[in-house]
Amino acid sequence: MQDQPTLLTERLTLRPFVPDDAFDVERYAGVREIADTTLTIPHPYPHGVAADWILTHSPAWENGTAATFAIVETEGGRFVGVTSLMIKREHRRAELGYWIALDRWNRGYGTESNQRLVDFGFEVLGLHRIEARHFLRNPASGQVMRKLGMKQEGVERDWAVKGDHYESMAVYSILEEEWRAARGGLGR
Ligand SMILES: CC(C)(COP(=O)(O)OP(=O)(O)OC[C@H]1O[C@@H](n2cnc3c(N)ncnc32)[C@H](O)[C@@H]1OP(=O)(O)O)[C@@H](O)C(=O)NCCC(=O)NCCS
């Protein structure tokens, strides 16, 4: 397997995590607003969890089960979030997951970074389908998915337990041929 690359967008750099990113992950993922609409981020965010999580990235890249990127602002280098693909190689599909630091919401970063990772997934990883799920009560994430060209497939009712209640999930996906058609339409 080739080394995990660094990917560029107009404003952002998507790069593999380094151990020193643990501090930023704890700080930015540690706010209630990030934990509130994600499934696996604890609140409060315990010290040490981010460092352990970063250690899982390299083996997962090497065995082809995940591609996880730190999102940083190219100008200034500030860490602003995470985007990842959890890959099922045997089915040529992956699930996209992401979060953006609260003070950087609504600047288009979620769309810009995830579009780059979707392109990478189809173009370089050879995926056929990329899917994503959001809590039904998180419409901003649904808007990001639609802006990526994903289509909603349905709602998984009471799909997950979060704290003391159930969460229903909206499921979205995009297939390789849809991505190709949209890309052609953009003249890329
Ligand atoms: C979801 C999230 C990644 C979006 O990141 P972002 O950088 O703000 O995304 P973008 O700026 O690219 O797009 C956000 C879109 O949602 C829209 N939006 C924001 N709040 C909204 C709301 N309450 N209802 C509907 N749309 C909303 C914005 O207007 C924007 O759409 P537009 O560009 O068409 O106007 C970010 O809010 C986040 O990290 N949330 C917490 C973690 C999380 O939920 N992760 C996703 C798990 S599935």
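The values are calculated or read from the model by the stated rules, or taken from the named source; none is laboratory data. Not measured: the values here are computed from a predicted model. Using ideal geometry, Cβ is built from the backbone for each residue, glycine included, and neighbour counts are taken over all protein chains shown.
At a glance:
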item	result
Residues located in the range 160-171, provided they are under 11 Å from HIS134 (Cβ atoms) and either of a type outside the set (Gly, Ala, Ser) or touching a residue at least 40 places away in the same chain (Cβ under 8 Å) (or both)	GLU167, MET169, VAL171
Residues of the range 67-93 classified as buried (at least 22 other Cβ atoms within 10 Å of the Cβ), in contact (Cβ under 8 Å) with a residue 60 or more places away in the chain and not aliphatic (A, V, I, L, M), total	2
Subset tally (residues that are exposed (fewer than 15 other Cβ atoms within 10 Å of the Cβ) and within 25 Å of PRO5 (Cβ to Cβ)) for the range 41-57	3
Candidate set: the range 61-93, residues that are out of contact with any Ser or Thr (no Cβ under 9 Å at 6 or more places or on another chain) and farther than 19 Å from ASP3 by Cβ; chosen: the one farthest from the ligand (Cβ to nearest atom)	GLU90
Residue in the range 94-108 that is nearest to the chain's Cα centre (by Cα), counting only those that are near the ligand (Cβ under 8 Å from one of its atoms) and among the hydrophobic types (A, V, I, L, M, F, W, C)	TRP99
Cβ-Cβ under 7 Å pairs, at least 6 apart or on other chains, the range 24-47 side among the basic types (Lys, Arg), far side more than 9 Å from the ligand (Cβ to nearest atom) and in a loop (DSSP other than H, G, I, E, B)	ARG32/HIS43
Leading residue by the ranking (surrounded by the fewest Cβ atoms within 10 Å (Cβ to Cβ)) among those in the range 5-24 that are β-branched (Val, Ile, Thr) and within 21 Å of THR111 (Cβ to Cβ)	THR6
Qualifying residue in the range 20-29 (condition: more than 30 Å from MET1 (Cα to Cα) and either hydroxyl-bearing (Ser, Thr, Tyr) or at pLDDT below 95 (or both))	yes
Helices (runs of 4 or more DSSP H) enclosed by the range 93-188 - at least 2 residues per element that are over 26 Å from VAL31 (Cβ atoms), acidic (Asp, Glu) and touching a Lys or Arg at 6+ places or on another chain (Cβ under 7 Å)	none
Residue ID - farthest from LEU7 (Cα to Cα), chosen from residues in the range 109-150 that are free of Cβ contacts under 8 Å to residues at least 12 places away in the same chain and within 8 Å of the ligand (Cβ to nearest atom)	PRO139
